[in-house]
């Protein structure tokens, strides 16, 4: 299995990152969120918004990572940093974790998550939340890594309110030791 490099994202990666996110959403969330919402997702608008949030006005502690294939195309993304809603138990959050459908099931998501966790640990953060849609067909990924459902909410996606769940890890150092022992 090829080992796809992971690196810090740069401003010029924003469009490629948006492409990954939109392709992953259209694949994973078809039938979960309205079709018109999915078809209306714009690479250009997403990239412009992400350039502003993740590069021009980056909050302290925020990081963006990309995985690349052998021809340097972005095939996976992870964005994270401090937990955004001042949760009393969880200080870190992965905001975005997506891999292009053609590259899934090749450990890219796991490696992106491992790199993201190391970034959080470098900031002294040892607890983690990841929100996902409750009907996400890939949510088992978080469960196999020991994530426990610790929160629920609904978020409007187009004309539909979609249930979301939060997976929590009270100590992400356990994940890193597990990965290092299996390397």
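Quick note: the coordinates plus some simple rules give every number you see, no bench work behind them. Just so you know, these numbers come straight off a predicted model, no measurement behind them. Cβ sites come from the backbone with ideal geometry, for glycine too, and all protein chains shown count toward neighbours.
The range 123-164 and the range 1-78 have Cα centres separated by 18 Å.
Roughly what % of DSSP beta bridges within the range 1-111 run antiparallel, to the nearest 5? All intermediate terms of the calculation are to be shown ahead of the outcome.
Working: 16 of 17 bridges.
So the antiparallel bridges amount to about 95 percent of the total.
Give the order of 19, 160 when sorted by the count of other beta carbons within 10 angstrom, beginning with the fewest.
On the way: 19 18, 160 12.
Least to most surrounded, the residues fall as 160, 19.
Just want the ordering: 95, 167, from fewest to most Cβ atoms lying within 10 Å of their own Cβ.
By the 10 Å Cβ count, ascending, the order reads 95, 167.
Of the residues 176, 60, the one with the fewest other Cβ atoms within 10 Å heads the list, and the complete ranking is 60, 176.
Only DSSP H runs of four or more residues enter the estimate; each adds -39500 (n - 2.57), and after division by the residues of the chain the mean residue ellipticity at 222 nm equals -9000 deg cm²/dmol. Of all the options 134, 67, 78, the one that moves most in a Gaussian network model of the chain with Cα springs shorter than 10 angstrom is 134.
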